[in-house]
Amino acid sequence: MRNLIAAGVIALGLASPALAQDMSTSAPASTTTATTPDGSKLFGFEPYFGVLGGYHSFDRRERFVGPNGERFDGALIEGLVGANLPLGPVFVGVEGFAAKGFSDINWEYGVRGRAGGRIGESGLIYGSVGYTWVDPKSNRGFDFVNTGPNDGVTENGRRKDWVYGLGVEVGPRDIGLGGVTGRSGLRLRVSAETYDLKSIRPMAGVIFHF
């Protein structure tokens with residue numbers, strides 16, 4: 001009996017390393033990642049910058065007065081820098097921007113806060129609220145009408161007010177470009193804002209995050 005027990009112990013000892021090696025190769029330890037398919041973070045801090053283009057058209061009843069009652073509007077090229085705080089399925093963030101205008105608009109600049117959720121594998125959908133300064137081109141004949149102390153007209157002729165918006169950012173995987181761009185760190189953004197509910201400002205461009 002003792003010989004039988006000893007033989008069993010020896011056989012078990014010889015089999016254990018082989019069994020352990022087989023388990024290590026057939027069932028590797030699982031790993032977790034804190035990023036989405038386009039490389040953005042699921043948690044933490046995500047700075048970014050972007051370049052957008054679009055158009056800003058104001059209501060004719062807005063207090064931008066033209067010589068013949070024309071609509072105040074113009075194309076825009078915008079640069080921005082900001083940061084998101086990803087919190088799993090949702091995020092919050094803030095960004096500053098400056099836009100060079102054409103036609104009636106000279107410059108626009110301001111800051112906006114954002115909050116929203118993730119869509120698809122790497123996209124974002126959000127709402128925003130912020131504050132914007134608008135500088136008109138004086139040689140276009142437009143001026144501001146200040147109807148009261150809270151009308152938002154600054155001493156240097158610019159106008160300032162709240163802006164509200166909605167937007168979507170789409171990562172490469174969400175539009176079938178994962179194999180082309182890989183973990184490129186970019187999203188395509190489409191957004192629309194309104195200046196105090198008196199204008200429409202559609203914009204589109206590229207956001208680079210890192």
Of the criteria (1) over 30 Å from residue 37 (Cβ atoms); (2) at pLDDT 90 or above; (3) among the polar types (S, T, N, Q), which one residue 139 fails: (2)
Residues satisfying the stated conditions in the range 75-98, i.e. over 30 Å from residue 35 (Cβ atoms) and in contact (Cβ under 8 Å) with a residue 40 or more places away in the chain: 76
Hits in the range 107-123 (condition: crowded, with 18+ Cβ neighbours inside 10 Å and modelled with pLDDT under 95): 118, 122, 123
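The values are calculated or read from the model by the stated rules, or taken from the named source; none is laboratory data. All values derive from a computational prediction rather than experimental measurement. Note that each Cβ is placed from the backbone with ideal geometry, even for glycine, and that neighbours are counted across all protein chains shown.
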